[in-house]
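The values are calculated or read from the model by the stated rules, or taken from the named source; none is laboratory data. Since this is a predicted model, take the numbers as computed values, not measurements. Here the Cβ positions follow ideal geometry from the backbone for every residue, glycine too, while neighbour counts run over all protein chains shown. Just so you know, the surface numbers come from the protein's heavy atoms only, side chains and all, with ligands and any DNA or RNA stripped out. Shrake-Rupley method; radii C 1.70, N 1.55, O 1.52, S 1.80 Å.
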Amino acid sequence: MNNTHKLKAAIFAVVLQFTGFQSFSQSDSPSWPISVLPTVERPVFKADTFNIVKYGAVSDGLTLNTRSINQAIDACSKNGGGVVLVPTGLWSTGPVELKSNVNLHLQGGAVLSFTRDMSQYKLVETNWEGLAAVRNQSPISGTGLNNVAITGKGVVDGNGDAWRMVKKEKLTANQWEKLVASGGVVDQKGRIWYPSEGSLKGSQVKNAGVIAPGKTVKDYEDIKDFLRPNLLVISQSKNILLEGVTFQNSPAWNVHPLMCENITISNIVVRNPWYGQNGDGLDLESCKNVVVENSVFDVGDDGICIKSGRDEQGRKRAMPTENVLVKNCTVYHAHGGFVVGSEMSGGAKNLFVTDCTFIGTDIGLRFKTTRGRGGVVEKVYIKNITMKDIPGDAILFDMYYAAVDPVPLKGEARELPKVVVLPVTEETPQFKDIHVKNVVCDGAERGIFVRGLPEMNIHDIYLEDVTIQADKGIQTQDAKSIFFKNVNVIVKDSKPVVDIVNSSAMTFDGLRYNEGAELLFQIKGDKSSGITVQNSNLKSAKNSVEFSYGASKKALKIK
């Protein structure tokens, strides 16, 4: 092998050239920023190639190749780096540990299939949903690395069905019958299947796996089966490239960069069954300088998700996810297309999303948090989004996240949260300074939903050039300084088109809606004030406005 030959550096600068984002007439919204993201460097690798076959790997779907693959990676890294080649074939393996300066390359037709034998995955101290926790070792992992990649046209399969619980409501009767007959256990209510008694036991433990004072890893052995790993976790590392590969069938989340910097994710496919519990696609947590481009997601939970730690631990970490560009991506089934939260306690800023498509996604743009999180999400710029057949909200900002599926299952009853004013503390989250432009949605349950807290309204949200066909229109609660410009909502239920509850300083400029709508505005609550409507034809509605629950007629000004 040639130890001196190196590939030429592949370095590219991310320069945003979004044009045509005009300021709102109120001059309250800044223009779309240009050239604000730093340079992102792709990792550079030597050309030396280490074929896993030379280290004893056998492609028969039976041989466990854990040792051979890890030996190849270790040898490559110790040699100064290069390419570890996984040839065409079905390669069964246990956990794979990445090393610095290694490009794990899967040839077309290569399937890296992780064993269903849970004993191959040791319990480790790691992170789960923003908290320090004990989980099973991830099928692919790496910590403290520099220059690392997974590339090629192959498939990484986590065999997640061996790990995941499944809700009866998410399967057909025939599918449920086959699943129960395959083994495992069903809970007492007969509605959730678990792959083992240990998995069921873990589900009954509050905060299962979260590291408690005085406990060691061994203390979690009896619920080991419940502590599902994320498929790929790279933590505290720099210069990361994921390109071309399909990541699928994860036990929990699929791809999870944690506290990493300089990440390029390009042309990957991420797949999970739609019923896959916690089956997120991509979770960027406390990461900096990231490009996600030309990728496809079809998963069981959120598609492309921004996180930064949970509650006090996230605030103490104080590492926001920042400087992120997401472009030319498609999300099919997912709980949300582009998502921020709910674990965003370290904050998020300088997020840019453009030219993305969401088809059949439960919610299109999803911002979620809850009391106790703290953290500030700001400076978010979203442009050129296409949506189709959205079962829930096309655009959602919600500070009452309750950790349930965004679209209720059949027969599921939910109560609205009680509105209580609490003191503002470090535990109070904030959503502000968010800009959304050029959105078209054909089909949603509701067009736009904005729900803040009475003590901390969602504020400074700008929506421009938005056209949505939905069952219901726009609803705001405990929001202020929300600007709608050239927003067109075509709704089936037009009583009302716009429902405003205890919201203030709102501007509707060029609002369009169904001809003959039953009621255009319904304004509720004594805190509603400063609502301005201009350049809009109120006469197209049968009734233009109703005031109730203490709302004053002075709350609305029509220009």
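Here are some notes:
- Whole-angstrom gap from the range 313-379 to the range 476-545, using each part's C-alpha centre: 27
- Gyration tensor verdict on the range 36-149 (Cα atoms; rounded if a/c is under 1.5, prolate if a/b is larger than b/c, oblate otherwise): oblate
- Longest to shortest principal axis, alpha-carbon extents of the range 277-328, angstrom: 34, 28, 7
- Placing unit charges on the Cβ atoms of the charged side chains and taking the dipole of the chain about its Cα centre, the candidate lying farthest along the positive direction among Val533, Trp91, Gly452 is Val533.
- Computed E for Glu455/Ser552 - FRET, C-beta separation, R0 30 angstrom, nearest 0.05: 0.85
- When the residues Asp478, Asp389 are ordered by accessible surface, computed with a 1.4 Å probe over the protein chains alone, the sequence from largest down reads Asp389, Asp478.
- Approximate spin-label separation Lys78-Gln236, in nm, with each point projected 7 Å along Cα-to-Cβ: 2.4
- Probe 1.4 Å - accessible area at Asp222, Å² to nearest ten: 80
- Estimated FRET transfer efficiency when R0 is 45 angstrom, pair Glu169-Lys122 (beta carbons, to 0.05): 0.85
- Order of exposure, largest accessible area first, which applies to Arg116, Arg191 with probe 1.4 Å: Arg116, Arg191
- Debye-formula intensities of the range 449-559, expressed as log10 I(q)/I(0) at q = 0.12, 0.15 Å⁻¹, are -0.34, -0.55 (one equal scatterer per alpha-carbon, no solvent).
- Using alpha carbons only: equivalent-ellipsoid semi-axes of the range 192-285, gyration tensor based, whole Å: 28, 18, 9
- Note: relative contact order over the range 486-525, using C-alpha pairs below 8 Å and six or more positions apart, is 57 percent.
- The simple spin-label model puts a point 7 Å past each Cα toward its Cβ; for Gln204 and Asn488 those points are separated by 5.7 nm.
- Cα-based Rg and Dmax for the range 262-404, where Dmax is the largest Cα-Cα distance (Å): 13.8, 40
- The chain pair-distance distribution - Cα-Cα, 20 Å bins, rounded %: 21, 52, 24, 3, 0
- 32 Å Cα-Cα threshold exceeded, pairs from Lys288/Lys527; Lys368/Lys492; Lys472/Lys554; Lys206/Lys492; Lys307/Lys553; Lys168/Lys316: Lys288/Lys527; Lys206/Lys492; Lys307/Lys553; Lys168/Lys316
- Net length available on complete extension from Leu62 to Val420 is 123.0 nm, with 0.36 nm assigned per residue and the Cα-Cα distance removed.
- In terms of overall dimensions, the range 129-264 has a Cα radius of gyration and Dmax of 17.2, 49 angstrom.
- With the biggest extent put first, the Cα atoms of the range 321-394 measure 33, 24, 13 Å across the principal axes.
- Within the range 52-69: backbone nitrogen closer than 15 Å to the Gln107 label point (7 Å, Cα to C-beta): 52-60
- Once the C-beta distance of Thr532 and Val440 is scaled by a Förster radius of 35 Å, the resulting FRET efficiency is 0.85 to the nearest 0.05.
- Added length on full extension, which subtracts the Cα-Cα distance from 0.36 nm per residue, Glu518 to Thr386: 44.7 nm
- The angle between the Cα long axis of helix 66-78 and the longest principal axis of the Cα atoms of the chain comes to about 90 degrees, rounded to the nearest 10.
- Using every pair of separate Cα atoms, the Kirkwood estimate puts the hydrodynamic radius of the range 419-490 at 13.2 angstrom.
- Shape call, the range 257-296: gyration tensor on alpha carbons, a/c limit 1.5: oblate
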